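Report on the structure given below.
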Amino acid sequence: MAGLVSDRRALFQRGDILGHGFLQRFKCISEDSVFFYGREGEPVPPFACKFSPSGLHGNLLVTADEDGSIKLLNSQKPAQHSLIKEWKGHKNAIFDFAFSGSTHLVTGSGDSKLVQWDINDCTALRRFKGHTGSVKSVDIDESNPCVVVSGGRGGNILIWDTRCSSSKDGFTVPISKVPNAHLDNSEIKLSNSSSRRKSIVSMKQVAVTSVLFHRDHYVASSGAADSCIKLWDVRGRTTTPTPSHTFMYGSHGITSLLSDPYQSLLYAASTDNKIYVYDSVTLKNVPIDVFTGHKNQSYYIKTALSVCGRFLLSGSTHKNAVIWDTQKPRSPPTLLVGHDTEVTAVAWCPSQLDKIVTCSDSCDLRIWRTNEVKERGREEVIGYAERSTEKQEPPVLRPIENTSIGNDAIRSGTTTPDKVLIKKRKSSVTSPETRSKKIKMNKDTTPLSQKTINLFFNKS
């Protein structure tokens, strides 16, 4: 752990030296742009992309798409020649996944199930059942990789333990549940019936958009409509869970939730086109910073941090990926220009500060690098970085009363409509540019033997 912290500090210092000049050297060439296709040749958008913390020394990129497929890519190669292997993971879209060690992966899908995979041989190790709708977010406890948390459209947060035996039907069931974690109070109405009062809860439950383990035994969660970030103590198993703390600010839904490398800050991307930063140590209800300069009108738009925590990366509705220097929140962000439609999933390489991945609604993935490219012509570069000219206005932050319990324990470390969450896509998608190739194992790459693939992963 000490070595990891040291590496992060070294990368942070490097980012401090490079600054905006470094960010503006990012570019994408045609060989680093690739389109995704389904089993029948139809274009499908990637919904999630993340780098493995240790696979290929941090260069293993994993993607999941609307078709339910999982792909392993070697980002050290040009994107068009990077495919290691792929397999069909679910019969429905995969919205999120999380790594468990160097060889295991847990995926969450629109089929309301989760699956744990061994990525060496694409084997399903365990299947999880308990959600009532699409699984939107998955995370694994770094300090205890057997514990998994997930949240979804049904409004519930579920805690799982892979050490527990499966039920009779072969599925692992949750060990703990937070029902209606982000149900808006306005959805609860009282009515008189047969001279007695009873509570009626609207069937339109507020979806959970993001969950993550944060600061030891706590889980942070966000909702699609209540604009709250809640911290839950997951050690106990009560029938009526109560959040240990609630950050309440704004009036818009949160699309993505992110923690800094030191577990002291929470970044919340909101549909009001702002990313709010909360201090999870002092638990101040007012954000300590706000980042602006992008458009966020979709729950498919995600965020990522560089491994050192110095740079914040986000997708955007306005076709550009956006990068901020977290040490200079009032400075104009850097834009990654080149996509044709909204930029959705994004990832920053944990072992190389100069490598970024972006995905878009045009069903493509791009790898951005800062290293020198031997151009064979101006058409070779299809994406470039530029500094935004939009002026960053200082935000006006006003506290909102919240209800919290157990704040001392945390400090010491001890309604959006359903159609917003499930985006209807056209049956046909405009044909991709001919300069980018299909990702197809038999055509574009030479399959690696199983023995060779196993060598890519650290056996920890």
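General observations
- For first residues located in the range 332-352 and within 16 Å of P45 (Cα to Cα) and surrounded by fewer than 20 Cβ atoms within 10 Å (Cβ to Cβ), partners that are of a type outside the set (F, W, Y) and at pLDDT 95 or above and lie 6+ apart or on another chain with Cβ distances below 6 Å form the pairs D340/S362; T341/S360; T341/D361; T341/S362.
- Hey, G130 of a type outside the set (V, I, T) and closer than 19 Å to S69 by Cβ or not: no
- Residue match in the range 331-346 (condition: under 24 Å from R25 (Cα atoms), of a type in the set (G, A, S) and under 19 Å from the mean Cα position of the chain (by Cα)): yes
- Search result, residues across the range 269-315 that are of a type outside the set (V, I, T), more than 25 Å from S351 (Cβ to Cβ) and in contact with a helix residue (DSSP H, G or I) (Cβ under 7 Å, 6 or more places away or on another chain): L283, Y299
Quick grid of which residues meet (1) at pLDDT below 95; (2) closer than 15 Å to C363 by Cα:
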{"residue": "F26", "(1), (2)": "no, no"}
{"residue": "V34", "(1), (2)": "no, yes"}
{"residue": "G41", "(1), (2)": "yes, yes"}
{"residue": "P45", "(1), (2)": "no, yes"}
{"residue": "F51", "(1), (2)": "no, no"}
{"residue": "V62", "(1), (2)": "no, no"}
{"residue": "E66", "(1), (2)": "no, yes"}
{"residue": "K71", "(1), (2)": "no, yes"}
{"residue": "N74", "(1), (2)": "no, no"}
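- Matching entry among S256, S251 (being more than 23 Å from S176 (Cβ to Cβ), assigned to a strand (DSSP E or B) and out of contact with any Cys (no Cβ under 8 Å at 6 or more places or on another chain)): S256
- At least 1 residues being at negative phi and in contact with a Lys or Arg (Cβ under 6 Å, 6 or more places away or on another chain) is the threshold, and among the strands (runs of 3 or more DSSP E) wholly inside the range 56-114 those reaching it are 60-65, 69-74, 83-88, 94-100.
- Residue within the range 68-78 that is crowded, with 24+ Cβ neighbours inside 10 Å, small (G, A, S) and closer than 19 Å to A124 by Cα present: no
- Matching residues, the range 30-52, being surrounded by fewer than 23 Cβ atoms within 10 Å (Cβ to Cβ) and either polar (S, T, N, Q) or in contact with a helix residue (DSSP H, G or I) (Cβ under 6 Å, 6 or more places away or on another chain) (or both): S30, E31
- Qualifying residue in the range 274-294 (condition: within 18 Å of the chain's Cα centre (by Cα) and acidic (D, E)): no
- Summed over the range 121-158, the residues that are polar (S, T, N, Q) and surrounded by 18 or more Cβ atoms within 10 Å (Cβ to Cβ) give a count of 4.
- Here H294 meets each of (1) in contact with a Pro (Cβ under 8 Å, 6 or more places away or on another chain); (2) of a type outside the set (F, W, Y); (3) at pLDDT 95 or above; (4) farther than 30 Å from C363 by Cβ with one exception, condition (4).
- Verdict on K319 being among the basic types (K, R) and touching an Asp or Glu at 6+ places or on another chain (Cβ under 8 Å): yes
Every residue, every condition in (1) under 25 Å from T242 (Cα atoms); (2) assigned to a loop (DSSP other than H, G, I, E, B); (3) of a type in the set (S, T, N, Q), yes or no:
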{"residue": "N120", "(1), (2), (3)": "no, yes, yes"}
{"residue": "L125", "(1), (2), (3)": "no, no, no"}
{"residue": "V138", "(1), (2), (3)": "yes, no, no"}
{"residue": "G154", "(1), (2), (3)": "yes, yes, no"}
{"residue": "W160", "(1), (2), (3)": "yes, no, no"}
{"residue": "H182", "(1), (2), (3)": "yes, yes, no"}
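- Residues of the range 235-290 satisfying the condition of being buried (at least 21 other Cβ atoms within 10 Å of the Cβ), β-branched (V, I, T) and under 17 Å from G151 (Cα atoms): I254, T255
- Output for the range 245-282, where each listed residue is over 17 Å from G223 (Cβ atoms) and β-branched (V, I, T): V277, V281, T282
- Top-ranked residue of the range 320-331 - restricted to ones that are at pLDDT below 95 and not polar (S, T, N, Q), ranked as surrounded by the fewest Cβ atoms within 10 Å (Cβ to Cβ): K328
The values are calculated or read from the model by the stated rules, or taken from the named source; none is laboratory data. Keep in mind it's a predicted model, so treat the numbers as computed, not measured. Because the Cβ atoms are built from the backbone with ideal geometry, glycine has one as well, and the counts that use them run over all protein chains shown.
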